[in-house]
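Trainee: Have a look at this one.
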Amino acid sequence: MVKTKVRKVNSDEVSPKDYSSRDNESNSSNSNVLLLTIIGLLAVVIILLIVVLLTMSSHQTTSEGSQLNEINEKVTRLDNFFKNNIPEYEAGTPQELTPDNFPTVQRPSLENRPVKGNLDASITLVEYSDFGCPFCERFFSQTYPQLMRYVDDGTANFVYKHFPVVGGENPALASACVYLEEGTDMFYEFHDKIFEEHANNRAGITSLSNLKNWAVELGANEANYDDCMASPRAQELVQQDFQEAQSVGVTGTPSVVINDKLIVGACPISTFEQAIQLELAGTPFYVNECQIITA
């Protein structure tokens, strides 16, 4: 009989089945680590995307807010224009215009402004203008000289007021200082000089050094001019003109108020001649796109 030797298995020895179990546990652990790593990376990517989207949304909101403010400002200007020029605007549909309710505006103030001509004249012409505006330069060269006939014969007086919207802020401030320091006569000499230079080189009139040189050449005191330009006085005067223009319904330059009638745009001299004659005769009228409406 053959005896089979039986060997005791040491407790430290492991069967192949046990090895397989341990390998499976190790693989499972590695898979879990990899999965957690992938989840972590995905979380980081998602967070970054959220940050980018929030940033873009914030930028878009700011841009939209700026555009909305601009739109609201334009709507307010139009609203003010209609309130000042269309009877019954706030009550709804305007009444049919008749000579009894033709649109008028509040007569502009002449106080502390460069009035050219007879203060007691029957006609007051107030121009709201911008030294940087090409249409204003055309008005200066074609219409303004002919309007001065009415100033020279005592029929009208004339006042230039500032409505800088297209790059005319520097010459507006400079001319305001010439008026504040040197008076009305030199103001209009400077006014003419700026528009004459505008016809040759529009960009040149925005140069502060050019403006100062022209003022001094005309006889302005350099030290007084410099002090004024460094103070807020000129800015305050220009801002007052700008606000008044808005209050009477000015929507573009040039615009002229004849007593209490508003004419918007660089209209031909015939429009002004007819308007002045009607105003002198006391005939009701208003002006729409350079056309005189009497009935």
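Computed from the coordinates by the stated procedures, all read-outs in this text should not be read as laboratory data. Only a predicted model underlies this, so the values are computations on that prediction, with no experimental measurement involved. So basically every Cβ, Gly included, is an ideal-geometry build from the backbone, and we count neighbours across all protein chains shown.
Trainee: Going 7 Å from the Cα of Ala281 along its beta-carbon direction, which residues of region 96-110 have the amide nitrogen within less than 19 Å of the resulting point?
Mentor: What the label zone holds, given the 19 Å backbone N cut-off, is 98-103.
Trainee: Gain in length, Asn224 to Asn112, computed as 0.36 nm per residue apart minus the alpha-carbon separation, to one decimal in nm?
Mentor: Roughly 38.5 nm would be gained on extension.
Trainee: Give the percent of DSSP beta bridges with both residues in region 115-293 that are antiparallel, rounded to the nearest 5. Kindly include the intermediate steps, with their values, before the conclusion.
Mentor: Working: 14 of 21 bridges.
Counting DSSP beta bridges with both partners in region 115-293, the antiparallel share is about 65 percent.
Trainee: Follow-up. What does the charge count near Glu127 come to, summing +1 for each Lys or Arg and -1 for each Asp or Glu among other residues with Cβ under 12 Å from its Cβ?
Mentor: With Lys, Arg at +1 and Asp, Glu at -1, the net is +1.
Trainee: Only Lys, Arg, Asp and Glu count, each charged at its Cβ (+1, +1, -1, -1), so figure out the dipole size of region 115-293 about its Cα centre, rounded to 20 debye.
Mentor: So the magnitude is around 420 debye.
Trainee: I would also like to ask the following. Once each part is reduced to its C-alpha centroid, what is the distance from region 192-222 to region 244-295 in angstrom?
Mentor: About 30 Å separates the Cα centre of region 192-222 from the one of region 244-295.
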